[in-house]
1. Taking the condition of being in a strand (DSSP E or B), over 22 Å from residue 114 (Cβ atoms) and acidic (Asp, Glu), how many residues in the stretch 86-102 meet it?
2. What's the number of the only condition in (1) without any contact (Cβ under 8 Å) to a residue 60 or more places away in the chain; (2) in contact with a strand residue (DSSP E or B) (Cβ under 9 Å, 6 or more places away or on another chain); (3) under 26 Å from residue 2 (Cα atoms) that residue 62 fails to meet?
3. Could you check how many residues of the stretch 45-75 are of a type outside the set (Lys, Arg) and either assigned to a strand (DSSP E or B) or farther than 18 Å from residue 10 by Cα (or both)?
4. If residue 33 meets every condition in (1) under 30 Å from residue 3 (Cβ atoms); (2) surrounded by 15 or more Cβ atoms within 10 Å (Cβ to Cβ); (3) out of contact with any Asp or Glu (no Cβ under 7 Å at 6 or more places or on another chain) apart from one, which number is that one?
5. Taking only pairs six or more apart or across chains, which ones have beta-carbon atoms under 6 Å, a first residue in the stretch 1-14 that is modelled with pLDDT of 95 or more, and a second residue that is of a type in the set (A, V, I, L, M, F, W, C) and surrounded by 12 or more Cβ atoms within 10 Å (Cβ to Cβ)?
6. Give all pairs with beta carbons closer than 8 Å in which a residue from the stretch 95-114 that is touching a residue at least 24 places away in the same chain (Cβ under 8 Å) and surrounded by 17 or more Cβ atoms within 10 Å (Cβ to Cβ) meets a residue that is part of a loop (DSSP other than H, G, I, E, B) and among the acidic types (Asp, Glu); count only pairs at least 6 apart in sequence or on separate chains.
7. Can you pull out the residues in the stretch 36-50 that are out of contact with any helix residue (DSSP H, G or I) (no Cβ under 7 Å at 6 or more places or on another chain) and either surrounded by fewer than 12 Cβ atoms within 10 Å (Cβ to Cβ) or not small (Gly, Ala, Ser) (or both)?
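The values are calculated or read from the model by the stated rules, or taken from the named source; none is laboratory data. Worth saying up front: this structure is predicted, and the values here are computed from it rather than measured. Heads up, the Cβs are rebuilt from the backbone with ideal geometry, glycines too, and the neighbour counts pull from every protein chain shown.
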Amino acid sequence: MAVGEKGQFTRTLTDGEVALFIGATWDVNPLHTDDSFAAQTRFGRRIVPGLLTASLFTHMGGLWNFLATEMGFEFLGPVYVGDTVTAVIEITELSDKGWLRLAGTITNSNGEVVLRAQIKGYPGEFEE
């Protein structure tokens with residue numbers, strides 16, 4: 001692994017995935033669960049829970065055998081049920097103690113950044 005190395009993952013977030021996430025987290029916010037309620041808000045329709053969107057980084061972390069110890073998210077725009085989004089992570093720092101710092105973005109199909117992330121953790125087997 002080296003500074004500048006990137007990973008990318010594209011996925012369409014379906015109604016079924018939203019339902020499974022809500023079932024696991026009990027995030028029953030009507031913005032995620034109620035079409036009529038969401039239609040009356042500034043979003044105009046149901047949005048995907050932010051942490052479901054952010055969890056796309058965990059797929060790439062799993063592929064890299066990466067264990068996150070810190071994560072920070074900046075939610076910049078809504079992701080709607082049925083949207084296709086692309087998550088990109090880039091290694092921005094590699095410490096001599098073995099941890100990595102990653103910068104991440106998630107963009108929607110219009111190319112708009114809807115989420116930014118800063119992630120720190122360890123690849124593979126590690127000792128602190």
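1. Going through the stretch 86-102 one residue at a time, the tally reaches 1.
2. The failed condition is (2).
3. The qualifying residues number 12.
4. The single condition residue 33 does not satisfy is (1).
5. Close Cβ pairs (under 6 Å, with a partner that is of a type in the set (A, V, I, L, M, F, W, C) and surrounded by 12 or more Cβ atoms within 10 Å (Cβ to Cβ)) amount to 13/48.
6. As it stands, the answer is 108/83, since those pairs meet every condition given.
7. 36, 39, 40, 42, 44
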